[in-house]
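Notes for the one structure printed next.
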Amino acid sequence: MSREFTLAQRFVSLADTLCDDYDLTDLLDRLVLTCLELLEVTAAGIVLRDQHGKLHLMASSSEETRVLELYEIENHDGPCLQAVRTALAAVGKDSAVMRRSWPRFAVAAEAAGFRSAHAFPLRLRNETIGALTLLSARVPPISEDDQGIAQALADIATIGILQQRSLDRAASLAEQLQTALDTRIVIEQAKGLLAEHGHVDMETAFGALRSYARSSHLKIGLVAGSLVHRQLAPREVLAGSGAARA
């Protein structure tokens, strides 16, 4: 299957999530996975800005990425903050550039094994609501063509989020963000339950949760809530993905 065909399929898949009752958490999770599938990057993460201008981590491809993005937000230093602030792509093509541009972030990124970083604003006209960060463990960084694809993917997500806000039947962006944040908390709790029950790491636990949700055609937040409220047994979720250890 050609990369172009896969790209077209993923654009359609992302567009399909933008139905009347689409789930913001699912949309952002799909965007992260699409970036890993199509672009030559190691990890990806997404932050969104609330009505007060504060950034929140909404999706990450791995536990290392989650920790690094939270570090970036807490220390006010890194590519995603620059992309949100300037509404332009932030490019750290190698370790030297990262050190000059974002000294504290660069130290943490290199410690996690990343050698380059790019961040693309989630923007529409004059409004920037967040950023998509792409991290790579190798040099050279992603190509200019791939940077264009990354920005296009970020633009699709932005259009969907802002479109929902503009419709009478939809919640405001602030309400969407709060719901997504609440869902993310439940997902983290569910990951912990799965990790403890199956004696697996958090990344494997999240993979099992995501796999079960998709194979069952359920939103990941609903599956996480069922686990947290003991309506779904962890062993069922782990068995479905083969993540459980003896």
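The values are calculated or read from the model by the stated rules, or taken from the named source; none is laboratory data. This one's a predicted model, so the numbers in the text were calculated from it and none came from an experiment. Side chains included, ligands, DNA and RNA excluded: accessible areas come from the protein's heavy atoms. Shrake-Rupley method; radii C 1.70, N 1.55, O 1.52, S 1.80 Å.
The GNM of the chain, with springs linking C-alpha atoms under 10 angstrom apart, assigns the highest mean-square fluctuation among Ala96, Ala83, Ala117 to Ala96. Top mean-square fluctuation among Lys93, Lys219, Lys54, Gaussian network model of the chain, C-alpha springs under 10 Å? Among Lys93, Lys219, Lys54, the largest GNM mean-square fluctuation belongs to Lys54. Computed extension gain for Arg125 through Leu36, at 0.36 nm per residue and net of the alpha carbon distance, reaches 29.4 nm.
The alpha carbon centroids of region 112-156 and region 204-238 are separated by 29 Å. Between His197 and Ala239, full extension at 0.36 nm per residue minus the direct alpha carbon distance yields a gain of 14.0 nm. Surface composition of the chain: carbon plus sulfur atoms hold 51% of the accessible area, using a 1.4 angstrom probe and ignoring ligands, DNA and RNA.
Stretched out fully, how many nm does the piece from Val12 to Ala111 gain, at 0.36 nm a residue minus the Cα gap?
32.0 nm
Between Ala43, Ala59, Ala213, where does the largest GNM mean-square fluctuation fall for the chain, given springs only between Cα atoms within less than 10 Å? Of Ala43, Ala59, Ala213, the Gaussian network model singles out Ala213 as fluctuating most. Rolling a 1.4 angstrom probe over the protein heavy atoms with all chains in place gives region 70-129 an accessible area of 48 Å² per residue. Across the chain, Cα-Cα pairs more than 22 Å apart make up 54 percent of the total. Across the protein chains, with a 1.4 Å probe defining accessible surface, the residues Leu36, Leu31, Leu181 rank Leu36, Leu181, Leu31 from largest area downward.
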